[in-house]
Amino acid sequence: MTAPLAHENSLLTTARDDAPAASEATLPEGWLAVESLDIDAQGIARRPDGKVVFIEGALPFEVVSTSVHRKKNNWEAGVVTAIHRESSQRVRPGCPHFGLHAGACGGCKMQHLHENAQVAIKQRVLEDNLWHLGKVKAQTMLRPIEGPAWGYRYRARLSVRFVHKKGEVLIGFHERKSRYVADMQVCHVLPPHVSAMLMPLRGLIFGMDARETCPQIELACGDDVTALVLRHLEPLSDDDLTRLRAFAAQHGVQWWLQSKGPDTVKLLDEGGPLLSYALPDFGITMPFKPTDFTQVNPHINRVLVSRALRLLDARKHERVIDWFCGLGNFTLPIATQAGEVLGIEGSETLVARSRENLTGNQTGRAVPLAPTAFVARNLFEMTPSQLVGDGQADKWLVDPPREGAFALAKTLADLHLQPELRGGWTPPKRIVYVSCNPATLARDAGLLVHQAGYRCVAAGVVNMFPHTAHVESMAVFELDAERLAGAV
């Protein structure tokens, strides 16, 4: 049995190692047997009358008592107050700010659960979503992609608040279920050098003239550069700029300033090294701006790109389309393998940046990248004629935001069900879909499998965000030639 969670809710107690297992039929009144974990990392139990209870802090197979704070006709929600039978997968959280106590940080939800069990639960969430929402079952479940469980978070948005009553500045994530900023002195999911910088940052902002008008610091780490974007609501004084420069020199960071929207972000001082990350398997280096979208976890991203391209299996004679291509995180690696590549993205800014990255990565290559083009388009609105107009592609890679790729999947389904709209166009024979939301992946998978003529041949999770309930995943779809022939 693991050690008691001394830093969690003060009412929390645990059973002894030799405590006998309690059957659900013999549980004392008020005790609950936890059956499973939901997507928000809450334990799920049932009362004798069948009413579902969601319990923060409880894990599957535990027997607990709970304090209920919300009641509805069919369910209740509460917080664990005592653990009478503890899960073998319960571990001591690695961060002192995690827990159920007042002021606990809300950045993580699963630190009390063993890392392997976290991945298993996320895999189950993916399978359940595919089946219950899309009526799809993958023919093969891929081995989960895993990486470092700590120090992985190279992107973060940290709130800043000067608290008059405390007479100090707080910098960090919000408290659990609160708008207040957690009193974070360390953060073990951030890179160690950034975690060590939290208290000095608090001292810096406290000493600034603008300490009450700087609501946010955005973190962006590259392979060699740590950038901090300071959101400031009023112009900064010369003294404050001097303080920022001194901090940058002492801690080896690069300050960017943001006075209004994202388009106002600029370097405090021009020059210096560029933010970038490498994809060494493909000889690609990706420069980026601190407000550009990049993956939070660079260790996992390298493995993710390599696996996605193995599953895509692009050949030199094939044309590939990369939908929602962003900076070209998948596009440029694909261009090392395919014959021709098209990257399509909704943001003009990201398309411009991807073109710059293409040019930069062409220089000095022994083997040139395949002919590659980028275009900007609203990918949440699409018609069959637009899709046909993009030309025939042998394979697709799809990497949408949380909203998913419904318009793309629906248009592909329309072309399958109405072959007269296709002309000589044929659909891709393979699609690799990278998802940050299992619900929208399941919805789109349902369209691809039941209406667009595809089979889901593989799916698996990617543990991009250890200790959180966030589920990243990928799925592979192959065109069913018999069904396609039947639709012609």
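Can you tally the net charge around MET464? Count Lys and Arg as +1, Asp and Glu as -1, for every other residue whose Cβ sits under 14 Å from the Cβ of MET464. Taking every other residue near MET464 into account, the sum is +2. Only protein heavy atoms count here; under a 1.4 Å probe, SER385 has an accessible surface of about 90 Å².
Short-range pairs are left out: with C-alpha atoms under 8 Å and at least six residues apart, the relative contact order of segment 257-404 is 22 percent. A 1.4 Å probe run over segment 430-477, with the rest of the protein chains in place, finds 16 Å² accessible per residue.
Take 276-283, 56-63 and order them by the average number of nearby Cβ atoms within 10 Å per residue, most first; the result is 56-63, 276-283. One Cα centroid belongs to segment 444-478, the other to segment 46-109; the line between them spans 29 Å.
Mean separation of Cα pairs under 8 Å and 6 or more residues apart, divided by the residue count, gives the chain a relative contact order of 13 percent. Residue order by solvent-accessible surface for LYS72, LYS316 is LYS316, LYS72, largest first, with ligands and nucleic acids left out and a 1.4 Å probe. Once divided by 2.2 N^0.38 Å, the Cα radius of gyration of segment 263-367 becomes 1.09.
Counted over the chain, the DSSP beta bridges are approximately 65% antiparallel.
Classify segment 337-488 as rounded, prolate or oblate from the Cα gyration tensor: take a ≥ b ≥ c as the square roots of its eigenvalues, call it rounded if a/c is under 1.5, otherwise prolate when a/b beats b/c and oblate if not.
Verdict is oblate for segment 337-488.
The alpha-carbon of LYS266 sits under 26 angstrom from the alpha-carbons of these lysines, leaving out residues fewer than 8 places away in its chain: LYS289.
Modelled spin labels at LEU267 and ARG70, positioned 7 Å past Cα toward Cβ, are 4.6 nm from each other.
In whole angstrom, note down how far apart the Cα centers of segment 294-308 and segment 152-179 are. Each part's Cα centre sits 28 Å from the other's. The Cβ shell under 13 Å around THR349 holds other residues with a net charge of -2, Lys and Arg each +1, Asp and Glu each -1.
Provide the solvent-accessible area of ASP238, counting protein heavy atoms only and rolling a 1.4 Å probe, rounded to the nearest 10 Å². Accessible area of ASP238: about 120 Å². In the context of the full set of protein chains, residues of segment 299-398 present 40 Å² of accessible surface per residue (probe radius 1.4 Å, heavy atoms only).
Based on the convex hull around the alpha carbon atoms, segment 242-319 presents an average projected area of 7.8 nm². Less than 30 Å apart at the alpha-carbon level, and either on another chain or at least 8 residues along: which lysines does that give for LYS166? Correct list for LYS166: LYS109, LYS177, LYS260.
Share of the chain's accessible area from carbon and sulfur, percent, 1.4 Å?
52 percent
By the scheme Lys and Arg +1, Asp and Glu -1, what is the net charge of all other residues having a beta-carbon under 13 Å from that of VAL68? Neighbour charge sum, excluding VAL68 itself: +3. TRP131 contributes an accessible area of around 130 Å² to the protein surface, as traced by a 1.4 Å probe with all chains present.
For segment 72-224, the pair-distance distribution built from all alpha carbon pairs, in bins 5 Å wide starting at 0, is 2, 7, 13, 16, 16, 14, 12, 10, 6, 3, 1, 0, 0 percent. Taking a straight line from the alpha carbon of LYS410, these lysines sit under 30 Å away, with near neighbours fewer than eight places off in the same chain left out: LYS122, LYS135, LYS137, LYS316, LYS395, LYS429.
Dividing the helix sum by the residues of the chain, where each DSSP H run of 4 or more adds -39500 (n - 2.57), gives a mean residue ellipticity at 222 nm of -7500 deg cm²/dmol.
The values are calculated or read from the model by the stated rules, or taken from the named source; none is laboratory data. The structure displayed is predicted, hence computed values, not measured ones. Cβ atoms come from the backbone with ideal geometry, glycine included; neighbour counts cover every protein chain shown. For accessibility, only protein heavy atoms count, side chains too; no ligands or nucleic acids. Shrake-Rupley method; radii C 1.70, N 1.55, O 1.52, S 1.80 Å.
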